[in-house]
Amino acid sequence: MRRRNILALLMAAALCLCLLAGCGSAETTDSTGTSITEAATIADLKGMKIAAQAGTFHADALNQIENVQGSTYPEFADLLTALKSGAIDGYIAEEPTAFSVCQSDDTLTFLPFMNNDTGFTATASDVGIAIGLKKGSELREQINAVLAEITPEQRSALMEQIVRLSSGGEVTEFAVSAEEPENPTGTLRVGMECAYEPYNWTDISGASFGAVPISGEGKDGLYANGYDVQIAKYVAARLGMNLEIYSIEWDSLLPALESGAIDAVAAGMSPTAERSAQIDFTDTYYESNLVVIIRK
């Protein structure tokens with residue numbers, strides 16, 4: 001009797017393992033049976049569990065997916081954790097972010113949708129990023145004049161370099177750069193998350209090429225780098241100013257700007273109508289497609 005019980009337990013355990021293995025290997029499909037890895041348009045994501053960062057246009061774009069099981073997370077790191085754990089099927093991101101994430105993790109890939117075609121309906125203000133300034137800031141015209149110096153080719157080349165750098169590749173020069181002023185006329189204080197590769201991130205074990213020390217209490221030994229950082233460096237240098245970078249949580253960026261704690265926000269932020277009612281924005285300095293990052 002005892003032997004039979006043991007044998008039964010062993011068989012039950014083996015059956016459970018087989019079932020678990022089957023669950024782990026099953027591909028996510030939409031309501032029509034299309035695998036998410038085969039999705040060619042956002043219509044193929046119907047009914048799937050797709051997420052986005054809270055408080056962004058990405059979160060609004062979720063509603064463009066029919067019957068989506070949508071959810072939001074406060075940080076991109078949380079989205080990545082949710083995806084890898086299987087809590088979600090994918091999450092919306094800018095194409096450069098997808099390149100950076102997928103180059104760093106070979107278990108992930110992304111669906112290369114094209115805005116206003118196979119992908120999400122979006123305007124330049126939805127997917128472009130700009131520098132945020134306090135209402136009525138005199139810096140707006142000055143910064144716009146500096147941004148106008150940067151050609152579309154330079155902007156694209158800089159993003160390619162930044163993606164390579166964020167993925168552990170070597171970069172020895174940037175397509176957009178300027179000499180720091182010998183006699184600065186002031187300091188430009190810029191806020192960003194320092195947690196949104198490749199736009200901005202934190203170096204915790206030494207500075208990567210072109211990184212800037214993060215200012216503020218408790219930030220000793222930490223450096224900021226990314227596309228936003230290099231644009232901020234260029235703008236500050238061309239304005240004849242020193243640059244200070246401050247690491248601030250996403251939801252606290254606009255309050256910090258309005259309170260005068262910082263002079264500008266450069267955080268991969270889109271100049272949406274809602275934000276533009278609260279702060280001023282410069283012209284955009286990069287525009288991107290929205291894609292969906294998924295497991296392979």
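For Ser35 and Phe209, calculate 0.36 nm times their separation in residues minus their Cα-Cα distance, and state this gained length in nm to one decimal. Display every interim value, and only then the final one.
Working: separation 174, 0.36 × 174 = 62.64 nm, distance 4.02 nm.
This chain segment gains 58.6 nm when fully extended.
The dipole here belongs to the stretch 27-122: it is taken about the Cα centre, uses +1 on the Cβ of Lys and Arg and -1 on the Cβ of Asp and Glu, and is about 180 debye.
Relative contact order for the chain: what percent, with Cα pairs under 8 Å and sequence separation of 6 or more? Show your work: numbers first, answer last.
Working: 549 pairs, mean separation 75.1, N = 296.
About 25 percent, as a whole number.
Between Glu138 and Glu249, the FRET efficiency from the beta-carbon distance, with R0 = 22 Å, is close to 0.20.
If the viscosity is 1.306 mPa s and the temperature 10 °C, what translational diffusion coefficient in µm²/s does Stokes-Einstein give for the chain when Rh comes from Kirkwood over Cα pairs?
On the way: Rh = 20.8 Å.
Using the Kirkwood radius from Cα pairs, D works out to 76 µm²/s.
Rounded to the nearest 10 degrees, the angle from helix 152-166 to the longest Cα principal axis of the chain is 50 degrees.
Could you compute the FRET efficiency for Ser85 and Ser156, with r as their C-beta to C-beta distance and R0 at 41 Å, rounded to 0.05? Write down the numbers at each step before the final one.
Details: r = 34 Å, r/R0 = 0.83.
In this case the efficiency is close to 0.75.
Take the Cβ atoms of Ala54 and Glu170, set R0 to 35 Å, and the FRET efficiency comes out at 0.50.
Between Asn225, Asn116, Asn200, the residue with the greatest mean-square fluctuation in the GNM of the chain (Cα pairs under 10 Å linked by springs) is Asn116.
For the stretch 27-122, rounded, prolate or oblate, judged on the Cα gyration tensor with a ≥ b ≥ c (square roots of eigenvalues), a/c < 1.5 rounded, else prolate if a/b > b/c? Provide the component values of the computation, followed by the final result.
Details: a/c = 1.26, a/b = 1.16, b/c = 1.08.
It comes out rounded by the Cα gyration axes.
If the chain linking Ser276 and Lys46 were pulled fully straight, counting 0.36 nm for each residue of separation and taking away their Cα-Cα distance, it would gain 79.6 nm. Among all the aspartates and glutamates, which ones have a C-alpha under 16 Å from Lys49's C-alpha, if same-chain residues fewer than 8 places away are not counted? Qualifying aspartates and glutamates at Cα under 16 Å: Glu27, Asp30, Glu38, Asp60, Glu66, Asp78, Asp89. Choose one of Ala93, Met241, Pro271: the residue whose Cα lies farthest towards the positive end of the charge dipole of the chain (beta-carbon charges +1 Lys, Arg; -1 Asp, Glu; about the Cα centre). The residue sitting most towards the positive pole is Ala93. Taking a straight Cα-Cα cut-off under 29 Å and skipping sequence neighbours fewer than 8 places away in the same chain, the lysines within cross-link reach of Lys46 are Lys84, Lys296.
Mean-square fluctuations from a GNM of the chain, with a 10 angstrom spring cutoff on Cα atoms, peak among Val101, Val235, Val68 at Val68. Electrostatic tally near Asp60: other residues with Cβ closer than 12 Å to its Cβ, Lys and Arg +1, Asp and Glu -1, net -2. Straight-line cross-link partners of Lys135 among the aspartates and glutamates, defined as a Cα under 13 Å from its Cα and at least 8 positions apart when in the same chain: Glu258, Asp263, Asp280.
For the chain, a simple Cβ point-charge model (Lys and Arg +1, Asp and Glu -1, everything else neutral) yields a dipole of about 1460 debye relative to the Cα centre. Computed from Cα atoms, the angle from the helix 95-104 axis to the main principal axis of the chain rounds to 60 degrees.
Contact order, relative form, for the stretch 99-256: 23 percent (alpha carbon pairs under 8 Å, 6 or more residues apart, mean separation divided by residue count).
None of the figures in this text is laboratory data; all of them are computed from the coordinates on show. Quick caveat, the model's predicted, so the values are computed rather than measured. Reconstructed Cβ throughout: ideal geometry from the backbone, glycine too, with neighbour counts over all protein chains shown.
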